[in-house]
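Here's the structure we're looking at; comments come further down.
The values are calculated or read from the model by the stated rules, or taken from the named source; none is laboratory data. Treat the numbers as computed from the prediction; the structure is a model and nothing was measured. Here the Cβ positions follow ideal geometry from the backbone for every residue, glycine too, while neighbour counts run over all protein chains shown. Ligands, DNA and RNA are excluded from the accessible area calculation, which covers all protein heavy atoms including side chains. Shrake-Rupley method; radii C 1.70, N 1.55, O 1.52, S 1.80 Å.
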Amino acid sequence: MNYHPNGINHHPDNNMLLEYASGSLNRAHSLVVSAHLQLCNECTAQLKLLNGIGGALLDTVSSDSSTMEPSMSEQQTQAFSRLMERINAAEKAPQESNEASTAVLPRPPSDPIFKHVPPVVDKLIRTNGKLKWQRLSRGLKEALLKTGQQRHQVSFHRIAPGSKVAEHGHCGKEITMVLYGSFSDADGVYTLGDFLVREPGETHRPTATQDEECLCLSVVEAPVTLTGLLGKLINPFLTIKPQ
């Protein structure tokens with residue numbers, strides 16, 4: 001079942017959606033984009049539009065190919081064919097994802113915070129089994145997730161009500177999606193379904209709302225760096241953990 005809550009204000013940009021549609025987006029980032037699409041009608045419609053534009057362009061190229069001079073190389077033809085295959089696969093992906101999410105897999109004990117996660121996240125939980133939570137700070141816990149890839153670290157972050165995460169910077173891109181509750185930082189407030197990208201060099205300090213905890217799905221490609229004195233003490237020990 002897909003959920004389409006109102007009030008999603010932060011989305012992946014068109015470049016990321018186009019990479020997702022073409023099949024060129026890496027697996028970890030595709031996971032978070034898939035989760036967002038299963039909650040967001042706006043981005044689902046935008047993805048269909050991008051697929052339609054791509055298909056129309058390829059149809060035009062195919063119809064003109066018979067009258068083209070031999071200047072179009074074999075490599076170019078193969079590239080167009082591969083792109084068509086990726087677009088066709090992307091159009092089938094939502095249906096396949098929903099079917100896969102109904103497969104009978106082990107399900108850990110229920111937790112209210114995971115009650116309404118999108119199907120792709122539910123499948124991820126089933127695949128990982130019992131989550132191993134590690135306390136990172138007074139109000140922050142992390143559970144690393146196995147996703148079958150090594151380049152990025154994928155994890156759940158659970159922030160206690162009213163807790164502030166230590167201010168930190170990013171050495172690589174970080175993508176965060178809110179799955180439950182909400183948090184804020186100096187740039188705004190992020191609620192269920194919101195999709196946040198932090199680029200290398202950016203810093204922020206997430207704070208959960210006072211009335212409920214916050215659950216996020218996060219993907220990082222390099223360790224975060226804590227600012228201030230605490231950062232000088234801890235940063236040398238921060239690494240991306242193999243999954």
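Details
- Filtering segment 23-41 to residues that are open to solvent by 10 Å² or more (accessible area, probe 1.4 Å) and within 13 Å of Leu192 (Cα to Cα) leaves Leu37, Gln38.
- Close pairs (7 angstrom Cβ cut-off, 6 or more residues apart or separate chains): more than 16 Å from Ala166 (Cα to Cα) in segment 210-226, open to solvent by less than 10 Å² (accessible area, probe 1.4 Å) and at pLDDT below 80 anywhere: Val220/Gly172; Glu221/Gly172; Ala222/Gly172
- With a requirement of 2 or more residues that are touching a helix residue (DSSP H, G or I) at 6+ places or on another chain (Cβ under 6 Å) and at pLDDT below 85, the helices (runs of 4 or more DSSP H) lying completely within segment 1-71 that satisfy it span 41-64.
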